[in-house]
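See below for the structure under consideration.
The values are calculated or read from the model by the stated rules, or taken from the named source; none is laboratory data. Since this is a predicted model, take the numbers as computed values, not measurements. Counting neighbours? That spans all protein chains shown, and the Cβs are built from the backbone with ideal geometry, glycine included.
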Amino acid sequence: MNCGQIADSIQAWRKISGINMKPKIALAILKYTKKVSDEHVLIEKQRIAMIHDITGTEPGSEVTIEPDTEVFKAYQNGAREICAVETDLGPIDLNFEEVINAVDEKNETLSVSDLAFLEPFFADRPPNLPDDCPPDGDCCK
């Protein structure tokens, strides 16, 4: 798992953690969502530190980065570097299809985009799904 996948998926993990499902699956989702959230906090701290570093501002101060500037290009490069870093977060020990079915049973919904962001985190990834970026092609927003 890399930092970009975690950053891209955090909203989908928050969404799925709010969906009613069988207790055993819900507990596993809860525990894993906490791990993803902890990793996301670390990524955000790195991103914010990088912003202050490239803008020469003090931590805690408000920063604006204008598009089409050298600082913006430095930010993009720094963000790409952060997103490419591999984390120690392993896949969740649940069957992806079982989770999808648990969601289906309650008439809850996950969008195609949600599923695309979540599926790389499951060890039993279906063979017909890509190993790389989500369908919109943006691996790190």
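A compact table of results
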{"item": "Boolean, VAL36 is among the hydrophobic types (A, V, I, L, M, F, W, C), assigned to a helix (DSSP H, G or I) and touching a residue at least 24 places away in the same chain (Cβ under 8 Å)", "result": "yes"}
{"item": "Matching residues in region 1-32 - criterion: being of a type in the set (Ser, Thr, Tyr) and crowded, with 18+ Cβ neighbours inside 10 Å", "result": "SER9, TYR32"}
{"item": "Close pairs (6 angstrom Cβ cut-off, 6 or more residues apart or separate chains): in contact (Cβ under 8 Å) with a residue 40 or more places away in the chain in region 4-27, surrounded by fewer than 16 Cβ atoms within 10 Å (Cβ to Cβ) and of a type in the set (Asp, Glu) anywhere", "result": "ILE19/GLU108"}
{"item": "Qualifying residues in region 101-124 (those that are outside any loop (DSSP other than H, G, I, E, B) and among the β-branched types (Val, Ile, Thr)) - the one surrounded by the most Cβ atoms within 10 Å (Cβ to Cβ)", "result": "VAL103"}
{"item": "Residue match in region 53-63 (condition: among the aliphatic types (A, V, I, L, M), at pLDDT below 95 and surrounded by 11 or more Cβ atoms within 10 Å (Cβ to Cβ))", "result": "yes"}
